[in-house]
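What follows is a set of notes on a single structure, which appears directly below.
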Amino acid sequence: MAGKVALVTGGARGIGAAVAARLAADGWQVVIADRDAAAPPHPGRCVTADVSDEAAVEALVADIAAREGRLDALVCNAGFMIRKPIRDLTLAEWNAVLGTNLTSSFLLVRAAEPMLRAARGTVVTIASTRAHQSEPDTESYSASKGGLVALTHALAVSLGPEVRVNCVSPGWIETKGATLSAEDAAQHPAGRVGRPQDVASLVAWLCGAESGFVTGAEFVTDGGMTRKMIYAD
């Protein structure tokens, strides 16, 4: 991957940081974009940017064109949740979640399309198993992730064959170092809760040449949790 450039949004922490670290270890030149400045030891170049803002996205992509001169992989990972009853959820909050979680991917791909086509590059969006199942009071987050799954296959058709576009939908990924119980692990047929590196390894494969026949696909990465039937006693 020497000489190839990847942009990872929401790369200051959690899954995004793990993706950036994995790509850098594989030889990619990584640019991290995040609302919060990424502190060392993050790999690559860090840019403070709100990817829900159209002007900020255009400036970010123009900066990459000027400094790195190419873009081979775009990992749309930025996202957050506002969890509250729908009766209390304001339109501004709804729009904020969809802006970061969904609209940002549209803005980024639109701005980066010429460089991605020139590089015969890849896009990986990070959705969620909440695109398919929900907990209470997560309407804006679930809607944004479901939209991201649909946007992924639409982009794959529109940008192919030059650009491949795929989606990873993580399940329970522990990113904050919480203490986990045996019961937490037992919920997963894989026998444990997920780690950011589990997602990062899949993203790295999707960005690489070995996945060259894969596009428009969603990869659920949840240790089998959404496939497990649960019956009440």
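The values are calculated or read from the model by the stated rules, or taken from the named source; none is laboratory data. Since we're looking at a predicted model, the values are computed, not measured. We place every Cβ from the backbone using ideal geometry, glycine too, and count neighbours over all the protein chains shown.
For this structure, a couple of remarks:
- The set of residues from segment 192-231 being touching a Gly at 6+ places or on another chain (Cβ under 9 Å) and charged (D, E, K, R) comprises 192, 198, 222.
- Qualifying residue in segment 199-206 (condition: out of contact with any helix residue (DSSP H, G or I) (no Cβ under 9 Å at 6 or more places or on another chain), buried (at least 17 other Cβ atoms within 10 Å of the Cβ) and modelled with pLDDT of 95 or more): yes
- For segment 214-231, a tally of residues being surrounded by 15 or more Cβ atoms within 10 Å (Cβ to Cβ) and over 22 Å from the mean Cα position of the chain (by Cα) returns 0.
- Of the residues in segment 154-162, none is touching a residue at least 24 places away in the same chain (Cβ under 8 Å), surrounded by 21 or more Cβ atoms within 10 Å (Cβ to Cβ) and in contact with a Ser or Thr (Cβ under 7 Å, 6 or more places away or on another chain).
- Residue list for segment 1-17, filter: surrounded by 20 or more Cβ atoms within 10 Å (Cβ to Cβ) and either within 17 Å of residue 123 (Cβ to Cβ) or modelled with pLDDT of 95 or more (or both): 4, 5, 6, 7, 8, 9, 10, 11, 15, 16
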